1. Among the residues of the stretch 123-138, how many are touching a residue at least 12 places away in the same chain (Cβ under 8 Å), loosely packed, with under 14 Cβ neighbours inside 10 Å and not in a loop (DSSP other than H, G, I, E, B)?
2. Hey, residue 83 hits all of (1) touching a His at 6+ places or on another chain (Cβ under 8 Å); (2) of a type in the set (A, V, I, L, M, F, W, C); (3) closer than 14 Å to residue 5 by Cβ but one; which does it fall short on?
3. Before we move on, is residue 176 assigned to a helix (DSSP H, G or I), in contact with a strand residue (DSSP E or B) (Cβ under 7 Å, 6 or more places away or on another chain) and either acidic (Asp, Glu) or surrounded by 12 or more Cβ atoms within 10 Å (Cβ to Cβ) (or both)?
4. For the stretch 22-41, enumerate the residues that are modelled with pLDDT of 95 or more and surrounded by fewer than 18 Cβ atoms within 10 Å (Cβ to Cβ).
5. Going by the conditions given, is residue 147 hydroxyl-bearing (Ser, Thr, Tyr) and closer than 30 Å to residue 55 by Cα?
6. Residues to consider are 150, 156; find the one that is of a type outside the set (A, V, I, L, M), assigned by TED's automatic domain parsing to the domain that holds residue 130 and either touching a residue at least 60 places away in the same chain (Cβ under 8 Å) or closer than 23 Å to residue 126 by Cβ (or both).
7. Quick check on this structure: which one of 88, 93 is more than 20 Å from residue 18 (Cβ to Cβ), among the charged types (D, E, K, R) and surrounded by 17 or more Cβ atoms within 10 Å (Cβ to Cβ)?
8. Could you grab me the full set of residues in the stretch 106-118 that are under 15 Å from residue 73 (Cβ atoms) and either free of Cβ contacts under 8 Å to residues at least 24 places away in the same chain or not assigned by TED's automatic domain parsing to the domain that holds residue 80 (or both)?
Amino acid sequence: MKSILIIGMGRFGQHLCRNLASLDNEIMIVDQEEERLEEMLPLVVSAKIGDCTNETVLRSLGVANFDICFVCIGTNFQSSLEITSLIKELGAKYVVSKANRDIHAKFLLRNGADEVIYPDRDIAEKMAVRYSANHVFDYIELTDEFSIYEIPPLPEWTGKSLKDLMLRNVHHISILAVKQPDGGMDMMPSADYVIHGEDHLMVIGTKGDIDKVLEKLR
């Protein structure tokens with residue numbers, strides 16, 4: 001459990017609040033508009049109406065007492081930059097700020113943000129990968145080079161064990177988990193696991209190596 005401050009209760013801020021609350025974190029939320037706070041009240045320990053570009057308002061929040069401070073202002077970059085800088089000056093331990101563009105991220109990092117997130121860009125990239133290929137059920141980017149893909153097995157893999165297939169040697173990919181048709185999940189399957197045609201394979205590898213496998217599925 002962590003103590004978390006979320007500044008900005010727009011769409012992203014509300015989704016973030018709901019998910020953090022579901023993980024039993026203690027959350028305080030702040031926004032200028034009261035109606036944005038009302039729906040979140042059952043999920044948080046404290047809520048405050050205020051303009052966080054005002055240093056007096058920020059001081060009243062006790063930002064140094066939170067484990068993480070999220071700045072979720074997406075429509076006004078100037079405000080986001082000012083708030084990020086101010087809360088760091090006031091002793092915030094770890095500041096995560098939302099950005100819409102790379103140039104915004106650079107300024108935020110230079111002015112106090114410990115981390116910058118791009119929710120819109122990240123979702124767009126994930127959807128682009130998923131819907132551009134007929135055989136990708138899900139996709140998670142880990143680094144610029146490595147990603148996790150949820151894909152069906154190649155026809156020639158069906159009925160064979162992972163040991164027999166030697167996927168790391170042949171295709172330079174590894175299977176992290178197998179989703180079975182009945183909804184079961186086999187995490188880190190053993191070398192003796194036999195692949196079934198209806199399995200969904202969670203594979204990790206470079207984009208180039210996984211693209212070669214996907215090409216065989218087309």
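The values are calculated or read from the model by the stated rules, or taken from the named source; none is laboratory data. It should be emphasised that the depicted structure is a prediction, and the values quoted were computed from it without experimental measurement. As a convention, Cβ positions derive from the backbone with ideal geometry for all residues, glycine included, and neighbour counts pool all protein chains shown.
1. Within the stretch 123-138, residues that are touching a residue at least 12 places away in the same chain (Cβ under 8 Å), loosely packed, with under 14 Cβ neighbours inside 10 Å and not in a loop (DSSP other than H, G, I, E, B) number 1.
2. With (1) touching a His at 6+ places or on another chain (Cβ under 8 Å); (2) of a type in the set (A, V, I, L, M, F, W, C); (3) closer than 14 Å to residue 5 by Cβ applied to residue 83, the lone miss is (1).
3. Values: assigned to a helix (DSSP H, G or I): no; in contact with a strand residue (DSSP E or B) (Cβ under 7 Å, 6 or more places away or on another chain): yes; either acidic (Asp, Glu) or surrounded by 12 or more Cβ atoms within 10 Å (Cβ to Cβ) (or both): yes.
So residue 176 fails the test.
4. Result: 26, 41.
5. Values: hydroxyl-bearing (Ser, Thr, Tyr): yes; closer than 30 Å to residue 55 by Cα: no.
So residue 147 fails the test.
6. On the way: 156 fails: either touching a residue at least 60 places away in the same chain (Cβ under 8 Å) or closer than 23 Å to residue 126 by Cβ (or both).
It is 150.
7. Numbers: 93 fails: surrounded by 17 or more Cβ atoms within 10 Å (Cβ to Cβ).
Going through 88, 93 in turn, just one is more than 20 Å from residue 18 (Cβ to Cβ), among the charged types (D, E, K, R) and surrounded by 17 or more Cβ atoms within 10 Å (Cβ to Cβ): 88.
8. Correct list: 116, 117, 118.
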